[in-house]
1. Answer yes if at least one residue in the range A:225-242 is within 13 Å of chain B (Cβ to nearest Cβ) and of a type in the set (Phe, Trp, Tyr), and no otherwise.
2. Where the second residue is in a loop (DSSP other than H, G, I, E, B) and open to solvent by 10 Å² or more (accessible area, probe 1.4 Å) and the first is at the interface with chain D (Cβ under 10 Å from one of its Cβ atoms) and within 14 Å of E:Ala73 (Cβ to Cβ) and lies in the range E:26-39, which pairs have Cβ atoms under 6 Å and are six or more apart or on separate chains?
3. Out of all the residues in the range B:32-54, is one or more over 30 Å from C:Ala137 (Cα atoms) and assigned to a helix (DSSP H, G or I)?
4. Of the residues that sit in the range D:1-31 and are outside any loop (DSSP other than H, G, I, E, B) and modelled with pLDDT of 95 or more, which one is most open to solvent (accessible area, probe 1.4 Å)?
5. Quick one: which of C:Ala150, C:Ala132, C:Ala164 is over 13 Å from C:Arg16 (Cβ atoms) and crowded, with 22+ Cβ neighbours inside 10 Å?
6. Being in a strand (DSSP E or B), of a type in the set (Gly, Ala, Ser) and under 22 Å from E:Arg16 (Cα atoms) is the requirement here; does E:Gly206 meet it?
7. Considering each residue of the range B:100-123, count those that are assigned to a helix (DSSP H, G or I) and closer than 17 Å to B:Lys50 by Cα, and give that number.
8. Regarding F:Ile229, is this residue assigned to a helix (DSSP H, G or I) and within 17 Å of F:Ile98 (Cα to Cα)?
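The values are calculated or read from the model by the stated rules, or taken from the named source; none is laboratory data. Note that the coordinates shown come from a computational prediction; the quantities given were computed from them, not determined experimentally. Every residue, glycine as well, gets a Cβ built from its backbone with ideal geometry; the counts of neighbours run over all protein chains shown. Just so you know, the surface numbers come from the protein's heavy atoms only, side chains and all, with ligands and any DNA or RNA stripped out. Shrake-Rupley method; radii C 1.70, N 1.55, O 1.52, S 1.80 Å.
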Number of protein chains: 6
Amino acid sequence: MTTFIRSGGRAADALRPVRITRGYTIHAEGSVLIEFGHTRVLCTASVLDKVPPHQKGSGEGWVTAEYGMLPRATHTRGDREAARGKQSGRTQEIQRLIGRSLRAVFDLKRLGERTLHLDCDVIQADGGTRTAAITGAFIAAQDAVNRLLAEGKLTESPITDPVAAISVGIVEGTPLLDLEYTEDVACDTDMNVVMTGAGHFVEVQGTAEGVPFTRVEMNRLLDLAEKGIRELLELQRMSFKNESN
Amino acid sequence: MTTFIRSGGRAADALRPVRITRGYTIHAEGSVLIEFGHTRVLCTASVLDKVPPHQKGSGEGWVTAEYGMLPRATHTRGDREAARGKQSGRTQEIQRLIGRSLRAVFDLKRLGERTLHLDCDVIQADGGTRTAAITGAFIAAQDAVNRLLAEGKLTESPITDPVAAISVGIVEGTPLLDLEYTEDVACDTDMNVVMTGAGHFVEVQGTAEGVPFTRVEMNRLLDLAEKGIRELLELQRMSFKNESN
Amino acid sequence: MTTFIRSGGRAADALRPVRITRGYTIHAEGSVLIEFGHTRVLCTASVLDKVPPHQKGSGEGWVTAEYGMLPRATHTRGDREAARGKQSGRTQEIQRLIGRSLRAVFDLKRLGERTLHLDCDVIQADGGTRTAAITGAFIAAQDAVNRLLAEGKLTESPITDPVAAISVGIVEGTPLLDLEYTEDVACDTDMNVVMTGAGHFVEVQGTAEGVPFTRVEMNRLLDLAEKGIRELLELQRMSFKNESN
Amino acid sequence: MTTFIRSGGRAADALRPVRITRGYTIHAEGSVLIEFGHTRVLCTASVLDKVPPHQKGSGEGWVTAEYGMLPRATHTRGDREAARGKQSGRTQEIQRLIGRSLRAVFDLKRLGERTLHLDCDVIQADGGTRTAAITGAFIAAQDAVNRLLAEGKLTESPITDPVAAISVGIVEGTPLLDLEYTEDVACDTDMNVVMTGAGHFVEVQGTAEGVPFTRVEMNRLLDLAEKGIRELLELQRMSFKNESN
Amino acid sequence: MTTFIRSGGRAADALRPVRITRGYTIHAEGSVLIEFGHTRVLCTASVLDKVPPHQKGSGEGWVTAEYGMLPRATHTRGDREAARGKQSGRTQEIQRLIGRSLRAVFDLKRLGERTLHLDCDVIQADGGTRTAAITGAFIAAQDAVNRLLAEGKLTESPITDPVAAISVGIVEGTPLLDLEYTEDVACDTDMNVVMTGAGHFVEVQGTAEGVPFTRVEMNRLLDLAEKGIRELLELQRMSFKNESN
Amino acid sequence: MTTFIRSGGRAADALRPVRITRGYTIHAEGSVLIEFGHTRVLCTASVLDKVPPHQKGSGEGWVTAEYGMLPRATHTRGDREAARGKQSGRTQEIQRLIGRSLRAVFDLKRLGERTLHLDCDVIQADGGTRTAAITGAFIAAQDAVNRLLAEGKLTESPITDPVAAISVGIVEGTPLLDLEYTEDVACDTDMNVVMTGAGHFVEVQGTAEGVPFTRVEMNRLLDLAEKGIRELLELQRMSFKNESN
């Protein structure tokens, strides 16, 4: 088994450079531009004073997400979903994943009857857009919660733990952390892992794009993912220290 | 940690009774009614002499799936998707999963430029509809392939391995195999596993519905799933011996 | 004029074998699988504690129906309406017919402000799906009403008469009862008749697919239809004697 | 049984005043404004040099129809279907009926590979819009065919017989010809009949809106309808004598 | 610069013959057929006792418009928007323009919490449909207001000024008033102007279809438009004198 | 008439600070972030080797545009159009305007049978998004054309002149250049002007949001707009000197 050579000489277990820009836009209660290498996702958190029908009168809030990709975020232009008149299955799958991931670290009772609406829009895509979206959406959510606390609308944070996500995969037999687009296309197995600050899993989604994978390979991928997410959680923590927001 | 008591005294690591009825309807090239306890899914395989645009002229075929649920397959009536004018995100997620799972065991070159279209329609739901759908769709696909071989349209089977799927989950601290609806609602972690005859994974999708899960819990769930899928693969094999089709 | 030979040597004025399975699925208040030869339709009746806007506050209930066909219920696979994003004109025409037919034998005041929602889904099609649907939907509706009476939610049945339906047509000059698919395709005139237990018509829909029809032909078709519906009404009655539900 | 008094002292077996204006608009190959009393329908016939996919390469043509109602054609404003984003079931049912009725008097082979597209738009509604539409669409179709003959694009007319339609119904026990809106709302039974010049039926659609109807009542309604349609066929003939078009 | 010769020898600064028929249909509170030459638009005004959400509880009313074109209003048949399932961008642009134009001359407070819904449907098109629609919609609106005043539902008219509209354009260097279709197609610059009785502008929309236009050309076009609109305002005034409505 | 005080003490005839960032994203053939104060629009130009049906075989190319706004680009979150399933009338109006504006400065013959697809997505909105979009789209289009020239796919530029756009309006009697959101909401008249490098108009769209405007006011607004657009054209020119792209 030979080792796959990554662009820029990146190590198999290395993240791409991560950049987190809080307060990227001015209107949203939380607004974060997150970059994993060339992948750039704008995550905004909006606080709405209403909840969906299934939560009405429950005293609980709701956390939900929507995902989109600008038509030319990719190598070749994709159709604009608004013009086509519907969101693709892929888009819906991703936004449901982001919503579940964030709800896993929210105490909806403490949030009160309001909705935290997370919008994750991909400005530029190079693999890993859903994991960047989850990692960035958490920061935007935290900023929105901080504002509610500062304004006295909340007395206690509804956030129970941080959460972040990364992709891992096996390319030509080599397990790699944080796949970029060309690696994603070439990989046999692709896994997205969402993990909390406590090191517990919220989601593990492994898919054999080519040859099915073994239990041993799965364990190697989970090890890599845990390493990467710990680094992302640390980067999230550092971004909050920089109190420019 | 006390042990959760299952309906009918079912053991934590036991499948529900599985019934496989091949040739359930007369028109389709493959037609299987599969039952996991009260869950009943009709899986049909249709052979179409055309391929989607992305495969045209490639010499390769395609395998795809659609999933639906009759409005009153469930405890309370759900909206009819055809009347609402769109498929839900859940429906699209499931049918994409079924399609990927089946493609993982097909050699598309050997299939030739034709499409195998799998329709999985839930007649009655009691948890595990997507895993029953995958397990049944494989049988319907095999029947359709057998017909193509018998008619001389194929000289070699494009199927490389059988595939089956099961759900596992942790309910009140107890890992359970093959969740029924009430268990699915109560579980903290829910995992769907798709595995081939060779014991390799095609998909592993673990989701924390409540408390996030640990690596140890994940391993116990994978053990359970492997056990269940091996039993399903054996039931598939047995269904083919009964040459009533 | 020679006589058309039917499959299985069926007489021109004979129904196909009819099978009625009550309690076919477990969740619905009424659930009936009805088979006219190879045509198989699952009819469920759901009781909903709300009425459409036009009946709100009227003290009256509503009876409505939806119709669907599984994609591979037919010889060649049809598009899934949920995936296409709309119901065809044919589907809407049939579900409106089923709804009107059932409302004709309901006293909506006695039903109270609730909706009886009938879902008729074709599992396998071989002609006559709409007439099987009406005939089966009546049984499902009766079962749902019986349950409301047994639970004390109704004190008096809102059903005023039974209702059933059959197709008739002229094929190569011969009037035939209960057309199967190949006869339906070949017929010059096709008529669907819906009749009550009292022998009165709820709907008569005659269509010249080829040569227009005369008054004399129409009368012969109505005679045939009356004969067939009387037999169906008797089969409905017998199905209620068998109290397995 | 007392006799129902009609507006304007109209006899039970009398049509409303019928006005036929050929050449009502200038662009269409055939363009007819037809009025049955206050009901006004604009019927245009467009000749298109293409056929739908199911007729391609068959050497045969196609005749099809679309129906619409202006939002304020009725007493209270109805939603605009284009704004709602879909045609109602009623609209689709009516346009399918118009299309079948016209195809019944066309020899599609003689039409050649072209489509005759009939648009029937209700400018003002007072009952009987679908029967006025069929009666007017025939005239528009004849005008379009005449133009094709005059231009030498056809050498022989594809029209085999004229066709017209009328509604009949039983209101308070009295069978009435050509129902206006208030009668339509009050009637127990409503029947639409489409008949050719030869006196044969193309469509008979009887519906019990209230009490189901007997065979005797049905015969009385058919007698009335035949009388009315013979008068409409004569009016169509007369309109062609007036060669203003 | 040569002068463009118009059909029928019309002068460059002349309107086409304008015909205004009030009370064209019977159900609407205001109903006007307006004709600019061959262009014919039916404008109805409906009074609805409700307002859109953004006006609820404000004590103010609303004025809105919808626009449509019959499929064969044009030289070649256009798709029916209701059948296609959506309104074109052009349709939406025009109906928004009509709504804004009418609201500019309404005092919404005086209208009270009701909606005046204007429907403008093009029966025949030959250029200038949007300007005919605005000019006719004002008359329909005035008729509906007059009825509300006569019925005592309003004590003071909410209309503050009349409004009318015309198109102007430059064809082969010649500024023309009230473009018909062939001129519209040939023109370099096309401008639609909406003006009130006081001679003030509500909308000025100039578009270079070919060569961009200069400030001087724009002024010549505005002069022409002012002249034409003053004539239309006079024709509106005269139509109200003819108290047939 | 008192003078309206603008935020930051901006002069009535001053543009907001304009920032142009070429090469903002990496995949598109042209990619420009343009900022008018807080308004930020990402404009990408994609070169596609196909043309829409109406241009096929003409030897000519096509230039078209789509416009979108991120849900939280605004003060309060707007619905995501892709989720609602259709683009608003406003969106369609704007993207049609952008497309027309760019086509006005393109020689489609020289472009050859390819499409230049401009996507304008609003990242942050503070008034003037459509004028920023047009101004930025021109730069993106120029960059894409430069690449085609550099690659030898074009031998001559199809661009005939630069184009830019600005909004002007009257707020409390004061004509203002380049309205920001709070000014836009407060203004009586709002005008968008699109002008070429030669100083000719491509579009002039004036709308009275409150009181209709006079010819004198219109002229003052056009003067202001011309001044602003000349400055924007100069900024475009300068951006091309900075050959970082």
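1. No - not one qualifying residue is present in the range A:225-242.
2. Matching pairs, first to second residue: E:Leu33/E:Tyr24; E:His38/E:Asp126.
3. yes
4. Just the residues of the range D:1-31 that are outside any loop (DSSP other than H, G, I, E, B), to begin with: D:7-9, D:18-22, D:30-31.
Still in the list and also modelled with pLDDT of 95 or more: D:18-22, D:30-31.
Details: D:Val18: 35, D:Arg19: 112, D:Ile20: 46, D:Thr21: 55, D:Arg22: 28, D:Gly30: 1, D:Ser31: 4 Å².
Across the range D:1-31, the extreme among qualifying residues is D:Arg19.
5. Just one listed residue meets the conditions, C:Ala164.
6. Considered against the rule, which asks whether it is in a strand (DSSP E or B), of a type in the set (Gly, Ala, Ser) and under 22 Å from E:Arg16 (Cα atoms), E:Gly206 comes out as yes.
7. Start the filter on the range B:100-123 by keeping residues that are assigned to a helix (DSSP H, G or I), which leaves B:100-103, B:108-111.
This time we only want the ones that are closer than 17 Å to B:Lys50 by Cα, so: B:103, B:108-111.
Total meeting the criteria: 5.
8. The answer is yes for F:Ile229.
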